[in-house]
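Shown next, in structure tokens, is the structure this report addresses.
The values are calculated or read from the model by the stated rules, or taken from the named source; none is laboratory data. The model shown is predicted, which means the values in this text are computed figures rather than measured ones. Note that we place each Cβ from the backbone using ideal geometry, even for glycine, and neighbour counts take in every protein chain shown.
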Amino acid sequence: MPATIRQSSMEEIKRISRTPVHKGTILTMYEDGIQMPDGTVQKWDFLEHKGAAAVVPVLPDGRILMVRQFRNAIDRISLEIPAGCKDSNEEAGIDAALRELEEETGYTSRKEDLKPLIKLVAAIAFCNETIDIFVADRLTKSHQHLDEYEFLDVEACEPETLVKMIYEGRIQDSKTVAAIMSYVNLNKAGSKERDSLCQKRRS
């Protein structure tokens, strides 16, 4: 006999309250009241974020520009793709990506040359931060201009080296893992399929 699959009642879950708890520099924390299918109300944490953007900057020789910086949450240095918060909820991801590219790496790109790669939700269980990730492979040398209290080093890495570092656990930042693996996978698919997929994202 076929196995009986328990029917989901997720459609009966709903948020009935949202109470501000703390407002920080880039996040606002809330305590949400969530009504469950059995009628009980659970308290869930929710972090509100205005969103971010990131970019995979590719040099003419195929190496990828990465930034190495200290991350307080994990209390150590992290190797990542250039990224940063949007200035507002209304700012387009592509504009934020261009700004962070130049600020952090000292390279820039024409807006029309940025290719959409993927979009992800960084911590879907408790935060609404979305990250728009682009590929910039027609770079122009410019000038790095970091924020006053921003300290980072820029280095160029072979894609294969980055993939190896991901599997070894030396790169753990979620946006960087997703972006590098997506970029490498698309390159394996070939330029025609890559351009087609990027065009679908753009539209």
Practice item. Answer with yes or no whether E160 is surrounded by fewer than 11 Cβ atoms within 10 Å (Cβ to Cβ), modelled with pLDDT of 95 or more and either among the small types (G, A, S) or over 17 Å from the mean Cα position of the chain (by Cα) (or both). Key: yes
Within segment 150-186, the count of residues that are assigned to a helix (DSSP H, G or I) and among the aromatic types (F, W, Y) comes to 2
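This table checks each residue for (1) on the phi > 0 side of the Ramachandran plot; (2) assigned by TED's automatic domain parsing to the domain that holds T161; (3) in a strand (DSSP E or B).
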residue: P20; (1), (2), (3): no, no, yes
residue: Y30; (1), (2), (3): no, no, yes
residue: D38; (1), (2), (3): no, no, no
residue: V56; (1), (2), (3): no, yes, yes
residue: D61; (1), (2), (3): no, yes, no
Pairing a residue in segment 142-155 that is assigned by TED's automatic domain parsing to the domain that holds A83 with any residue that is surrounded by fewer than 12 Cβ atoms within 10 Å (Cβ to Cβ) and at pLDDT 90 or above, where Cβ atoms lie under 8 Å and the two sit 6 or more apart in sequence or on different chains, gives F151/F70
State yes or no: is G33 touching a Ser or Thr at 6+ places or on another chain (Cβ under 7 Å) and within 24 Å of I16 (Cα to Cα)? yes
Restricting segment 20-38 to residues that are of a type in the set (D, E, K, R) and without any contact (Cβ under 8 Å) to a residue 12 or more places away in the chain, the one farthest from C85 (Cα to Cα) turns out to be D38
Residue pairs qualifying under the 7 Å Cβ cut-off, at least six apart or on distinct chains, with the first in segment 39-63 being closer than 18 Å to M10 by Cα and the second being aliphatic (A, V, I, L, M), are V41/I16; V41/I34; Q42/I34; Q42/M36; W44/I34
Across (1) more than 21 Å from R68 (Cβ to Cβ); (2) touching a residue at least 12 places away in the same chain (Cβ under 8 Å); (3) under 17 Å from the mean Cα position of the chain (by Cα), I124 clears everything bar (2)
Answer with yes or no whether D147 is modelled with pLDDT under 90 and assigned to a loop (DSSP other than H, G, I, E, B).
-> yes
- Message: Yes or no: segment 124-135 includes at least one residue that is touching a Pro at 6+ places or on another chain (Cβ under 6 Å) and among the hydroxyl-bearing types (S, T, Y).
- Response: no
Of the candidates P116, P82, the one satisfying the condition of being surrounded by 15 or more Cβ atoms within 10 Å (Cβ to Cβ), touching a residue at least 60 places away in the same chain (Cβ under 8 Å) and of a type outside the set (F, W, Y) is P116
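Tell me, yes or no, whether segment 32-53 has at least one residue that is among the β-branched types (V, I, T) and in contact with a Pro (Cβ under 8 Å, 6 or more places away or on another chain). Spell out the reasoning first.
Taking segment 32-53 as the starting set, the residues that turn out to be among the β-branched types (V, I, T) are 34, 40-41.
Now drop any that are not in contact with a Pro (Cβ under 8 Å, 6 or more places away or on another chain), which leaves none.
No, the conditions are met nowhere in segment 32-53.
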